[in-house]
Amino acid sequence: MSYGAMEDRSAGKGWDAAKADRTERLAARYSYLEREGLLPLPVQGGITLVVELRHAPWSAECLRLLLQHSGPAVRVTAVAMTTDFPLQALSEQFSGEAGMRFLPYSEGEYRVNEALAYAETSFAVLLEDCVMVAPGWLGNLLWPPIDDPAVLVVAPCSSTEWGDGQRQLHFAGYAELAAYTAHTLEKQQGEWNYTEVLTGSCLLIATELLLRVGGFDASLGERRLIIADWCLRARMLGAELARSDSGYVHVLHRLEAESVKAGGIEVRGKGEQAYLQKWNLNSTLSPAGTLQIPRDLTACPPQPVIPLSRDTVAALLVTTVVYFEENWTAADSRERQQMLQESQSYGNIRWVWVRDSWSQSFPEFPVHERDAVITVHGEKAWLHALENISALYGSEIIVYLSACASYDNRYVERMVRVLRYSRADLIVSSDDHAAESGLPRTSEGIPQVLPLERIAHRSGRTPGRIVKREGHLRSLELVPDPELSIDYAGETATTGAGPGSLDEALPGEGRL
């Protein structure tokens, strides 16, 4: 096993001034510990460690070292990040550890956020299973929040950290690594520095900040971008970031090059473009290993909170608008209504049924208390009602369904999840449909019309103008507002009720 970072950075100030600062800092630390009844570190109540499992050859050693060197109150949640990770074999090795649990891989779910949602300690640490720790690693990360309560995110130096925190070191074995970290701890005496962003394989976070910022944006694909993005969002809420100069963890690297993948899809270029767009940065891809960060966060648009738990997404109220394009009988309408309601797994839906009484009057249409039926007469009133649904109901997302189409039973849930993680205003469930049907596009490649039955958008504004599709009696299209940003989410609406492939657009694993 080869251990793999740069010589220690020299202090940038005079020795006397540094010594005075250090003495004052140590005195403040001792007073704090004495007052709180803490000693030794870590903090009262323990620490939650969330370990990302990707490297089966190293994961057992990583977990063993964490249990050995993190204190008695540590709680460990290990999350499988790939579908082929041998989780059962690993969990059997630690079956006697009461403070450890394992989360299996779940397609389309970034379960790191779920694991962090259950952290009940004051601090949580997110790290990869390629991280090797030594005695004193954890307590050393807790000094910056004690010295300055505004510091709520801390990282040790490592080979994957950004800027001055990067150390490209090589060791002959673990004993040599442990000797180096012990020497660094003694030499630096808890020194740390503020920093603009962190990107490395180990990150300590105050859980109260985690609840305010939300989870990690796994749609960015590349792990350093996922971490950097979260740190920038934390700074937008006033949190300070720190790098522990006296802390070091060693990150193992494969000798062979690995593709950066999430859910099995090549994502480096796409993820980096999304990151650059999200933070108003130069759209030119950076050389490998470099990172752009915004100079002025106040000029960046507010970022939405990403749910920590997979269950949190169900809290979003969705208005699902079902429109009947044809002359349905009362019995057929009720049967279709029941089938659509029972088939959708998403739980927090306000159903709005739009029917045209252009040829006959329908009898009573049964609905739940918060649902609604809108009956209109004539095409003009029908289209007007559909265009203004988003202004009538206080939900966060609007999904349009056609009573004539069939949908996968996770269709609404998936559309909501994609839109929740996307930066677009409007999601279309299939770009193939637009291409194959020959829908006209502008010079910029943006469609001039979109199939209404495949659309979801954020609430609060009219998404555009609804028109009849040429050559079809009642089929509808949306002429989108040119100011809207549009994204595609894969095939989910089908002519039969089979599964779609929208999972490809869902947040998957982040790989480094």
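The values are calculated or read from the model by the stated rules, or taken from the named source; none is laboratory data. Here the structure is a predicted model, which is why all the values come from computation and not from measurement. Note that we place each Cβ from the backbone using ideal geometry, even for glycine, and neighbour counts take in every protein chain shown. What goes into the accessible areas is simple: the full protein's heavy atoms, side chains included, and nothing from ligands, DNA or RNA. Shrake-Rupley method; radii C 1.70, N 1.55, O 1.52, S 1.80 Å.
Some points to look at:
- With all protein chains modelled, accessible area of SER122 [1.4 Å, Å²]: 60 Å²
- Descending semi-axes in whole angstrom, ellipsoid equivalent of segment 183-256, from the Cα gyration tensor: 23, 19, 9
- Local charge for GLN292 was computed over the other residues whose Cβ lies under 14 Å away, with Lys and Arg +1 and Asp and Glu -1, and equals -2.
- Segment 45-152: C-alpha pair distances exceeding 25 Å, %: 19 percent
- Coupling constants for segment 232-240 follow from the phi torsions by the Karplus curve (6.51 cos²θ - 1.76 cosθ + 1.60, θ = phi - 60°), and in residue order they are 5, 5, 5, 5, 5, 9, x, 6, 9 Hz; glycine and proline get x.
- Amide H within-cut-off set for ARG350, under 5 Å, with H built and near neighbours excluded: VAL318, THR319, THR320
- Convex hull volume of segment 104-166 per residue (C-alpha atoms, cubic angstrom): 148 Å³
- Residues whose amide H lies under 5 Å from that of ILE47, counting only those 5 or more places away or on a different chain, are VAL74, ARG75; hydrogens are built 1.01 Å from N in the peptide plane.
- With θ taken as phi - 60° and the Karplus curve 6.51 cos²θ - 1.76 cosθ + 1.60 applied, the whole-hertz 3J(HN,Hα) list for segment 333-350 is 4, 5, 5, 5, 4, 5, 5, 5, 5, 6, 7, 8, 6, 5, x, 10, 10, 9 Hz, x standing for glycine and proline.
- Debye equation applied to the C-alpha atoms of segment 138-191, log10 I(q)/I(0) at 0.16, 0.21, 0.31 Å⁻¹: -0.57, -0.92, -1.27
- Summing Lys and Arg as +1 and Asp and Glu as -1 over all other residues whose Cβ lies under 14 Å from the Cβ of GLU387 gives a net charge of +1.
- Computed 3J(HN,Hα) for segment 139-150, one whole-Hz value per residue from the Karplus formula 6.51 cos²θ - 1.76 cosθ + 1.60 where θ = phi - 60°, is x, 5, 6, 8, 5, x, x, 6, 5, 9, x, 6, glycine and proline marked x.
- Under 5 Å from the amide H of TRP192 lie the amide H atoms of ASP245, each residue being 5 or more positions distant or on a separate chain, with H modelled from the backbone and absent for Pro and chain starts.
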